[in-house]
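Below: the structure, in structure tokens.
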Amino acid sequence: MKLVRGAYMEKEARVAQQRGYKNPINPTKQATDDLYNEALRYTVAHVDRISLCAGTHNEASSLLLTQLMAQAGLAPGDERVWFAQLYGMSDNLSYNLAHAGYHTAKYVPYGPVEAVMPYLLRRANENTAIAGQSSREFLLIQNELRRRQGKK
Ligand SMILES: Cc1cc2nc3c(=O)[nH]c(=O)nc-3n(C[C@H](O)[C@H](O)[C@H](O)COP(=O)(O)OP(=O)(O)OC[C@H]3O[C@@H](n4cnc5c(N)ncnc54)[C@H](O)[C@@H]3O)c2cc1C
């Protein structure tokens, strides 16, 4: 099972209204995070019959998954648990997880423009949010540049 977080917020709300069912969007980001983490807990608890790929750039969820694995007695290299980040995003997570022995994949989405456009727009939205991915990654890169310059 691949676990991902998030939603096409406006589209989901519109379709729910058109079809007359309850808007499935969570009231807050925290509620979404809680559900994602709950899904991690459930999956690790049932790892005997569910293998997991955690597709996330969220550091807290990635850390939680490593802790859940340790608590369940799963070695970092257990074949049933994988981490994955999108190519070009969160290399800091991918490289450190892989270095620590966790199975880690970089994920490259591709397809016809009309199919990938909504997907890419959501990525663009996530990357331009103030607390978003890019701000976090630029900070990490800046810190690393300063660290290297300090060494010279
Ligand atoms: C390896 C990999 C595979 C992926 N595959 C797919 C895929 O097949 N299909 C797909 O659609 N996406 C896919 N994604 C994207 C994924 O669904 C997330 O949009 C993206 O990873 C951001 O979530 P996060 O856990 O990394 O980060 P975070 O920054 O913790 O979460 C951001 C996400 O939270 C969502 N969010 C914020 N508030 C709410 C709310 N109130 N209710 C619901 N959601 C909210 C936002 O829409 C945003 O997408 C994939 C991601 C990865 C890394």
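Quick note: the coordinates plus some simple rules give every number you see, no bench work behind them. Remember, predicted model here, so these are calculated numbers, not experimental data. Cβ coordinates were reconstructed from backbone atoms using ideal geometry, including for glycine residues, and neighbour counts include every protein chain displayed.
When region 1-33 is examined, which residues are found to be outside any helix (DSSP H, G or I) and closer than 14 Å to residue 122 by Cβ? Across region 1-33, the qualifying residues are 4, 5, 6, 7, 8, 25. Filtered by the rule that a residue be surrounded by fewer than 12 Cβ atoms within 10 Å (Cβ to Cβ) and hydrophobic (A, V, I, L, M, F, W, C), region 5-34 gives a lone residue, 31. For residue 99, the conditions (1) away from the ligand (no atom under 13 Å from the Cβ); (2) under 15 Å from the mean Cα position of the chain (by Cα); (3) not polar (S, T, N, Q) all hold with the exception of (2). Scanning region 1-35 for residues that are under 24 Å from residue 107 (Cβ atoms) and of a type in the set (Ser, Thr, Tyr), we see that the one that is farthest from the ligand (Cβ to nearest atom) is 8. For residue 7, the criteria (1) without any contact (Cβ under 8 Å) to a residue 60 or more places away in the chain; (2) in contact with an Asp or Glu (Cβ under 9 Å, 6 or more places away or on another chain); (3) over 21 Å from residue 96 (Cα atoms) hold in every case but one, which is (2).
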